[in-house]
Amino acid sequence: MTQTLDRPGSEVADRVEAWVSAFQDALSARDVGAAVSLFADECYWRDLVSFTWNIATVEGTDEVADLLTSVLDRIDPTNFAVDGEPSSADGVDESWLTFETAVGRGTGHVRLRDGKAWTLLTTLDELKGHEENKGDRRPFGTEHGANPDRVTWKESREQEAEELGYSRQPEVVIIGGGQGGIALSARLRQLGVPTIVVERNERPGDSWRKRYKSLALHDPVWYDHLPYIPFPENWPVFAPKDKIGDWLEMYTRVMEINYWGSTTAESATFDENEGRWTVTVHRDRGNGPEEVVLRPAQLVFAMGVSGKPNKPEFPGMEAFRGEIQHSSEHPGPAGYEGKKIVVIGSNNSAFDICGAAWEAGADITMVQRSSTHIIKSDTLMELALGGLYSEEAVANGITTRTADLTFASLPYRIMADFQRPAYDEAKVRDKEFYDQLREAGFDLDFGDDESGLFMKYLRRGSGYYIDVGAAQLVADGKVKLVKGQVKEFTSDGVTLDDGTHLEADLVVLATGYRSMITSVADIIGEEMATRVGKVWGLGSDTTKDPGPWEGEQRNMWKPTQQRNLWFHGGNLHQSRHYSLYLALQLKARQEGIDTPVYKLAESHHTE
């Protein structure tokens with residue numbers, strides 16, 4: 001949201017200072033009523049670990065009162081103060097804050113309407129006495145002086161790699177070695193938490209390298225930095241998959257992550273009395289698989305947003321003479337020149353595959369089964385991302401951390417209201433483009449409430465395409481479009497429910513993925529997976545995001561109904577941002593810090 005100051009800055013600062021002072025006075029006095037009186041009737045307090053040892057949002061003054069009544073004495077919040085210059089726009093004052101708790105230091109953000117809190121964000125930045133070894137605490141790196149028993153940095157690392165998981169057990173095992181597992185492991189290493197990342201692919205980055213050759217990030221570089229090491233200033237705006245793969249491999253080595261490639265997690269059970277997991281893995285270090293039993297205290301699944309590929313079964317598939325691939329298996333268009341390809345689906349992967357196949361000279365048909373949200377990449381960057389993640393934002397002094405926290409400061413309940421204006425403008429700006437798509441027969445949507453891409457992603461993780469050119473091929477008829485549901489396969493193609501028959505040499509099932517919990521269930525068992533419930537989604541009661549409302553991403557980056565079991569993932573932005581808060585929760589438990597969880601999420605759904 002563009003901000004223009006509409007009141008003198010000193011008046012804004014006075015109002016914010018008055019609120020912060022009154023809030024701290026009420027907290028210090030343990031006067032819940034006085035603190036609650038500083039919140040508007042419509043209010044939202046989003047806490048990332050600092051007050052709740054959870055990722056939770058409370059809504060309305062009754063819930064604010066409940067939170068404070070439950071946690072105030074043990075959290076002991078102190079030193080709330082304004083950080084920087086407050087601003088005001090459209091009748092809303094806002095400011096960054098700093099504060100401390102009994103065990104940590106944090107950052108906050110408040111929005112005031114008529115002098116009362118409308119939104120409040122509180123986040124835990126670090127644990128007192130367990131700060132990261134950076135800045136003036138950075139490691140020395142060597143030992144000066146003469147020592148006949150000197151152990152070099154390299155020798156120490158080699159010893160660690162040899163011992164960890166064998167003669168010495170890790171505190172944390174992370175299953176999944178994509179960007180999420182790598183980012184979290186980097187955080188944990190800086191906090192001194194022994195961690196092993198388990199990944200079935202051989203090398204870090206292979207999950208990117210093995211996808212179809214045209215794959216590239218659809219999010220811009222400013223949105224995608226990993227912790228500690230940002231991409232260089234000459235990094236492409238949209239990074240190709242192999243470049244990302246090489247970056248992840250480099251990052252894993254430089255950040256000294258204990259990365260077990262060619263390793264498959266077979267099973268995991270939890271001993272409630274001992275508080276430890278038994279994780280059985282098969283690891284191949286070049287001499288064939290060996291069984292290794294790991295005994296971590298904490299187990300994290302870092303498998304992105306999704307689980308198993310969703311491969312629907314259709315009658316007649318066994319009779320089809322051509323090839324059938326899920327989009328995750330599709331190698332790209334090489335070898336399919338002049339062939340007839342049918343792609344079932346109309347979201348990101350479907351469009352990427354169709355675009356690459358058309359460029360290679362294939363006869364390509366897209367089957368749209370349900371409506372899709374499409375937003376042009378340059379429009380998305382300018383209207384929805386540019387204020388926080390762009391070269392202009394960097395020039396305006398907006399750091400990645402500031403951008404992340406600004407985005408985090410918007411409670412999910414009202415985020416759609418902040419998103420909708422950008423997509424309303426996109427409809428006007430790109431009207432001709434959208435008209436062409438509709439004239440071609442394509443079913444478009446902007447989400448159940450017209451709030452666009454980000455809300456679709458947060459609610460369901462699917463149903464959209466960031467257009468980098470392939471949508472125009474559909475609009476122009478270069479990629480043929482049909483609509484309907486697949487009824488059956490025949491020996492030479494597929495037949496839709498309206499009787500349309502499509503001849504095909506290759507059918508690509510761009511049919512998405514199931515919930516992450518479906519893959520996790522294979523390792524922890526159905527009973528435990530059911531107890532944990534659905535992973536991802538807000539409970540918005542919109543398409544593919546059934547209620548009840550939770551107000552946060554279900555089971556992500558926070559405690560679950562299974563003690564010592566965690567989930568981490570999402571896009572590169574989320575992997576970077578939320579890895580800090582998950583790492584701090586894990587570090588606190590390693591150190592024996594009391595971590596009573598406020599508002600532990602209930603289990604809902606299993607898919």
- [ ] Measure out, as a whole number of angstrom, how far apart the alpha-carbon centroids of segment 566-607 and segment 356-382 sit.
- [x] 35
Open item on the list: Exceeding 24 Å between C-alpha atoms, which entries from my cross-link table qualify? They are Lys340/Lys544; Lys210/Lys308; Lys339/Lys431; Lys213/Lys339; Lys308/Lys427.
Closed with: Lys340/Lys544; Lys339/Lys431; Lys308/Lys427
Open item on the list: How large is the Rg to Rh ratio of the chain when both quantities use alpha carbon positions and Rh follows Kirkwood?
Closed with: 0.98
Task: Beta bridges by DSSP in the chain, antiparallel share as percent, to the nearest 5 - done: 55
- [ ] Kindly rank 193-200, 34-41, 267-274 from highest to lowest mean number of other beta carbons found within 10 Å of each residue.
- [x] 193-200, 34-41, 267-274
- [ ] Could you give the spread of the C-alpha atoms of segment 523-607 along their three principal axes, from largest to smallest, in whole angstroms?
- [x] 41, 31, 27
- [ ] Could you check what % of the DSSP bridge pairs in segment 79-213 are antiparallel, to the nearest 5?
- [x] 85
- [ ] Output ³J(HN,Hα) for segment 375-384: one whole-Hz value per residue in order, computed from phi by the Karplus curve 6.51 cos²θ - 1.76 cosθ + 1.60 with θ = phi - 60°, and x for Gly and Pro.
- [x] 9, 5, 4, 5, 5, 4, 5, 6, 8, 10
Open item on the list: More than 11 angstrom separation, counting every C-alpha pair in segment 194-236; what % is that?
Closed with: 76
- [ ] Give the cross-link partners of Lys587 among the lysines, using a straight C-alpha distance below 20 Å as the criterion and excluding same-chain residues fewer than 8 apart.
- [x] Lys128, Lys134, Lys558
TODO: Could you tell me the distance between the Cα centroids of segment 528-550 and segment 188-204, to the nearest Å?
DONE: 29
Task: For segment 165-275, radius of gyration divided by Kirkwood radius, i.e. Rg to Rh on alpha-carbons - done: 1.02
Task: Residue-wise HN-Hα coupling along segment 120-137, computed from phi with Karplus coefficients 6.51, -1.76, 1.60 (Hz; x: Gly, Pro) - done: 9, 10, 10, 9, 8, 9, 7, 9, 5, x, 9, 6, 5, 7, 9, x, 6, 9
Task: Phi to ³J(HN,Hα) by Karplus 6.51 cos²θ - 1.76 cosθ + 1.60 over segment 92-102, Hz, x for Gly, Pro - done: 10, 8, 8, 7, 7, 10, 10, 6, 10, 10, 4
Task: P(r), alpha carbons of segment 27-122 - 5 Å bins starting at zero, rounded % - done: 3, 14, 23, 29, 21, 8, 2, 0
TODO: Using only alpha carbon positions, build the gyration tensor of segment 372-506, then give the equivalent ellipsoid semi-axes as the square roots of 5 times its eigenvalues, largest first, whole angstrom.
DONE: 36, 16, 14
TODO: Show the residues, 5+ positions off or on another chain, whose built amide H is closer than 5 Å to the amide H of Ile175.
DONE: Val198, Val300, Phe301, Ala302
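Read the figures in this text as sums done on the coordinates, not as results from a lab. All values derive from a computational prediction rather than experimental measurement. Virtual Cβ from ideal backbone geometry, glycine too; neighbours counted across all protein chains shown.
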